[in-house]
Amino acid sequence: MKYICLVYAEPGALSDLSPDEQATLDRDSLAYDERLQQKGHFIAASALQGVKTARTVRVRRGKSLVTDGPFAETKEVLCGFIFIEAPDAEEALRIAEGIPMARYGSIEVRPELDFG
């Protein structure tokens, strides 16, 4: 089954990291993706630019409304994702626990909806 691991953190959560700490996080994240790939769990991953670059599109009654910023007003914002393959939800949660960004934010794990 496929699961998406949505990575959330407070805006600026990583701004207090030293350059060495940031380099370690980047290195750990890439290494974790590689380990997942070797085990057959990895499908795709990507980090996102900050929320100041986000735009939200809504279409209501045939008209588009585009606003600046993320979809919802929350303390934490979406920073990236890892799309994984796991045999069950327990394994998906175990994989999410290993995501290095979990030390700085939260990881939402959600199964893919199969329209099959």
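The values are calculated or read from the model by the stated rules, or taken from the named source; none is laboratory data. Predicted model, so just to flag it, every value in this text is computed and none were measured. Cβ: placed from backbone, ideal geometry, glycine included. Neighbour counts: every protein chain shown. With ligands, DNA and RNA removed, areas are computed over all heavy atoms of the protein, side chains included. Shrake-Rupley method; radii C 1.70, N 1.55, O 1.52, S 1.80 Å.
Observations, loosely collected:
- Global form of the chain, assessed from the alpha-carbon gyration tensor, a/c cut-off 1.5: oblate
- Exposed trypsin sites (Lys or Arg not before Pro) absent - longest run of the chain, DSSP non-H/G/I/E/B, at most 16 other C-beta within 10 Å: 76-116
- Of all aspartates and glutamates in the structure, the ones whose alpha carbon falls short of 19 Å from that of LYS52, not counting any fewer than 8 places away in one chain, are GLU10, ASP16, ASP68, GLU73, GLU76.
- Charge dipole (debye, nearest 20) of the chain; +1 at Cβ of Lys and Arg, -1 at Cβ of Asp and Glu: 780 debye
- Rounded if a/c under 1.5, otherwise prolate or oblate - region 10-49, Cα gyration tensor axes: oblate
- Ellipticity at 222 nm from helices only: DSSP H runs of n ≥ 4 in the chain, each -39500 (n - 2.57), divided by the residue count, give -8000 deg cm²/dmol.
- Rolling a 1.4 Å probe over the heavy atoms of the protein chains gives the chain an accessible area of 71 Å² per residue.
- Amide H partners (placed H, <5 Å) of GLY80, local residues excluded: VAL7, LEU48
- Peptide packing: for 20-26, 83-89, the average count of neighbouring Cβ atoms within 10 Å per residue gives the ranking 83-89, 20-26, highest mean first.
- Counting only residues at least eight positions apart within a chain, or on another chain, the lysines with an alpha carbon under 21 Å from that of LYS2 are LYS39.
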